[in-house]
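A short write-up of the structure that comes next.
The values are calculated or read from the model by the stated rules, or taken from the named source; none is laboratory data. What you see is a predicted model; the values in this text were computed from it and never measured. FYI the Cβ positions are ideal-geometry reconstructions off the backbone, even for glycines, and counts take in every protein chain you see. SASA here: full protein model, heavy atoms, side chains in, ligands and nucleic acids out. Shrake-Rupley method; radii C 1.70, N 1.55, O 1.52, S 1.80 Å.
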Amino acid sequence: MTGQFLPFGEELRQFDDSFLVDLDRPFGNLGCVIMASGLGRRFGTNKLIADFQGKPLLLWALDATEGIFARRIVVTRHREVEALCRSRDIAVLLHDLPHRNDTVRLGLQALAQDVEGCLFSPADQPLLRPDTLASLALCAANEGDCIWRPAWEGAPGSPVLFPKWAFPELLTLPKGKGGSFLLKKYPGQVRMLPVRDPYELFDIDSQEDLRFLSER
């Protein structure tokens, strides 16, 4: 709905089963941090530039998240990833810090002043669908106090979209911890969005994973 129907929209919002969309900004003002700092020890090389169905694995994450988020940044330890992002004019932050909480903090620091929520998306889920990400963003725009994540038959997966109230704790996560630390701390705030295809929540950790998903 648009601004001129605000009184009517506020009345509709009182119903538990209502779902309102601002047609001018359907996805709200959300950020996206693409987590691309893994060392890929099980894969053997930098998996994010490995070929998956004709293009580097990272490009699947970049294409899936395009056009949904107000701001987006890739956080990585890899110069090859930095070069690929810069070739496509996508914001990227290169760092040499060791822990997952470092990646979360650096990405959020780059975006937090300008967004009302933030999706943390792994860079190694090539079958993740853009419409799933758009649905997560719509849910967050409509029910912004919740933590949103996709799920297949009740089993939760990544990525995870956190509201702004979680930012202070995301910026100060314990050493080595990621967003799952808050998922366990605030289970009552977590909402799950069902997906149609379980393979879109699979990530690639090994060469075997790459071959398996390439055949889906």
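Please tell me if L138 is touching a His at 6+ places or on another chain (Cβ under 9 Å) and open to solvent by less than 60 Å² (accessible area, probe 1.4 Å).
Against the criterion (touching a His at 6+ places or on another chain (Cβ under 9 Å) and open to solvent by less than 60 Å² (accessible area, probe 1.4 Å)), L138 does not qualify.
Would you point out the residue of region 32-45, among those that are in a loop (DSSP other than H, G, I, E, B) and open to solvent by less than 30 Å² (accessible area, probe 1.4 Å), that is nearest to A112 (Cα to Cα)?
Ranking the qualifying residues of region 32-45, first place goes to S37.
Screening region 79-96 for residues that are open to solvent by less than 60 Å² (accessible area, probe 1.4 Å) and assigned to a loop (DSSP other than H, G, I, E, B) and picking the one that is nearest to G176 (Cα to Cα) gives H95.
Within region 113-135, the set of residues being modelled with pLDDT under 95, open to solvent by 20 Å² or more (accessible area, probe 1.4 Å) and not in a helix (DSSP H, G or I) comprises E116 only.
If we scan region 144-160, do we find a residue that is aliphatic (A, V, I, L, M), under 14 Å from F27 (Cβ atoms) and out of contact with any His (no Cβ under 7 Å at 6 or more places or on another chain)? No.
Screening L210 with (1) farther than 23 Å from F27 by Cα; (2) free of Cβ contacts under 8 Å to residues at least 24 places away in the same chain; (3) surrounded by 14 or more Cβ atoms within 10 Å (Cβ to Cβ) gives one miss only, at (2).
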